[in-house]
Amino acid sequence: MQKIIGYFREVSNELFHKVTWPSWSELQNSAIVVMVASFIIALIIYIMDFSFAQIMEFVYGLFK
């Protein structure tokens, strides 16, 4: 039981005294970067999916 209590004491000490938390502006900037990157990746996937669908429709149209 003493080991468990010691573990949680060390964890809380590290979280409150050793971890550097980002400021609000750093957090906002990181969130914006993640949203823009997610949008760009989603756009790329959409373009790939649309292109593949068009190619497959063309190929299937050849065999009608």
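Tally the residues that are of a type in the set (S, T, N, Q) and open to solvent by 90 Å² or more (accessible area, probe 1.4 Å), restricting the search to region 26-42.
Looking only at region 26-42, we keep the residues that are of a type in the set (S, T, N, Q), and these are 28-30, 38.
Keeping just the survivors that are open to solvent by 90 Å² or more (accessible area, probe 1.4 Å) gives 29.
Matching residues across region 26-42 total 1.
Let's see how each residue does on (1) surrounded by 10 or more Cβ atoms within 10 Å (Cβ to Cβ); (2) of a type in the set (A, V, I, L, M, F, W, C):
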| site | (1), (2) |
| --- | --- |
| Tyr7 | yes, no |
| Phe16 | no, yes |
| Trp24 | no, yes |
| Ile44 | yes, yes |
| Asp49 | yes, no |
| Phe52 | yes, yes |
| Ile55 | yes, yes |
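Please go through (1) open to solvent by 100 Å² or more (accessible area, probe 1.4 Å); (2) assigned to a helix (DSSP H, G or I) for Lys64 and return the number of the only condition it doesn't satisfy.
That leaves (2) as the condition not met.
Restricting to region 1-46, what's the tally of residues that are modelled with pLDDT under 95 and not in a helix (DSSP H, G or I)?
6
The values are calculated or read from the model by the stated rules, or taken from the named source; none is laboratory data. Predicted model, so just to flag it, every value in this text is computed and none were measured. No Cβ is skipped: glycine too gets one built from the backbone with ideal geometry, and neighbour counts run over all protein chains shown. Surface accessibility is based on the protein's heavy atoms, side chains included, excluding ligands, DNA and RNA. Shrake-Rupley method; radii C 1.70, N 1.55, O 1.52, S 1.80 Å.
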